[in-house]
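Structure, as structure tokens:
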Amino acid sequence: MRDPFPIAPIPALSAWIQPYADALHLPTLPLHIHEVLGAAAFYTFVHTILSPIISNAFFSKYYPKNHRAKKANWDAHVVSLVQSVLINGLALWTMYYDEERANSDWEQRVWGYTGASGMIQALAAGYFVWDLGITLLNLDIFGLGLLAHAVSALAVYTFGFRPYLNYYSSIFILYELSTPFLNIHWFFDKLNMTGSKPQLYNGIALLVVFFCCRLVWGTYQSAVVYVDMWKAVQRGPDAGYIAAAFEKASGVDKNLMHFAKDAGPVPVWLAVTYVASNLTLNTLNWYWYFKMISAVKKRFEPAKKEKAAVPAGGKGTGNVATGAMVGEKQGLRQRAHSIGDVVPDSEELRQGTIQ
């Protein structure tokens, strides 16, 4: 399938990136550089302009406009929500309608290329360019866990421009299927809807989708791609594929192996780098999910009774009142537990802790 992106490659931009693409062995990058930069610019626009405007207009009471860390977190959640809904829809559409991609064998999954999969890869890379930039600028807020995630994800999607594992761009982006629910859960907390029925239903959906798409689907597809890479490290693409790709009537839009002319066995360093990045992402997913399980055990245990300390010469009631005020200032909630307590918000995921 041809690239369905409504804007064609910009010749001047493609010419500008061409020397870098040649040096880095990324032959399909010039075809998609406008999508990468366009996506990064779009998400920067959402983060810096659109989110503040919409949030101030509709959630002025809750939008933390005067707190740098909280504002950066809020705006990042808006971007994440927009991106996850958009890229999930496009990836599912591509997987359904791209017939060439659907009929790929293992060699085409490794060295093949279709314009539609290239678009998904480019839009994802653009998001992770934004993600890496915003994480580096706010490393004290987002933490090393999210920095590792951004670097790993950007590396994986950049390698696709070789092209390399172009087929899997749509598959692994479906990790994001759980992201809308995570962001909605977070916004429920910020809008003082913690423990509400909408958050309950969203929380259940989050746990189920996170488990299915990131752990079950993601782990299975990782095993499949490892098998493909192992074969590709042993030998290059079949000579018949290469010959067919460069017949007179063939071309980029007609043959998946068009860019595999000089392809040989996949370099060991590339396979190792990809596996390391993929394992980083999968490890984070499993780590975060087990943190959710730990939260279930911790938050649903009977509360331990603590005796209030009475200072010498002071009154017990005064100390209890002071403790209540401190608890209120720290944001401690005195209410019944719900599924909303089980699912950590993004700050907890970023820090790798459950408060």
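The values are calculated or read from the model by the stated rules, or taken from the named source; none is laboratory data. Here the structure is a predicted model, which is why all the values come from computation and not from measurement. Positions of Cβ are generated from backbone atoms using ideal geometry, with glycine treated the same way; all protein chains shown enter the neighbour counts. For accessibility, only protein heavy atoms count, side chains too; no ligands or nucleic acids. Shrake-Rupley method; radii C 1.70, N 1.55, O 1.52, S 1.80 Å.
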Value of Rg/Rh across segment 53-175 [Cα atoms, Kirkwood radius]: 1.08
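Over segment 11-300, average the accessible area per residue using a 1.4 Å probe and give it in Å², no decimals.
Working: 13160 Å² over 290 residues.
On a per-residue basis, 45 Å².
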Approximate shape of segment 77-141 as ellipsoid semi-axes (Cα gyration tensor, √5λ), whole Å, largest first: 29, 14, 8
Mean projected area in nm² (Cα convex hull; one quarter of hull surface) for segment 11-300: 16.9 nm²
Listed peptides 34-47, 175-188 by packing density, highest first (mean Cβ within 10 Å): 175-188, 34-47
Span from the segment 146-225 Cα centroid across to the segment 111-140 one, whole angstrom: 14 Å
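Please compute, over every Cα-Cα pair in segment 133-273, the percentage with a separation greater than 18 angstrom.
70 percent
Ignoring ligands, DNA and RNA, please state the percent of accessible area on segment 11-300 from carbon and sulfur, probe 1.4 Å.
That fraction is 69 percent.
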FRET efficiency, Glu99 to Phe290 (Cβ-Cβ, R0 35 Å, nearest 0.05): 0.35
Extended-chain gain in nm, criterion 0.36 nm per residue less alpha-carbon gap, Tyr220 and Ser60: 53.3 nm
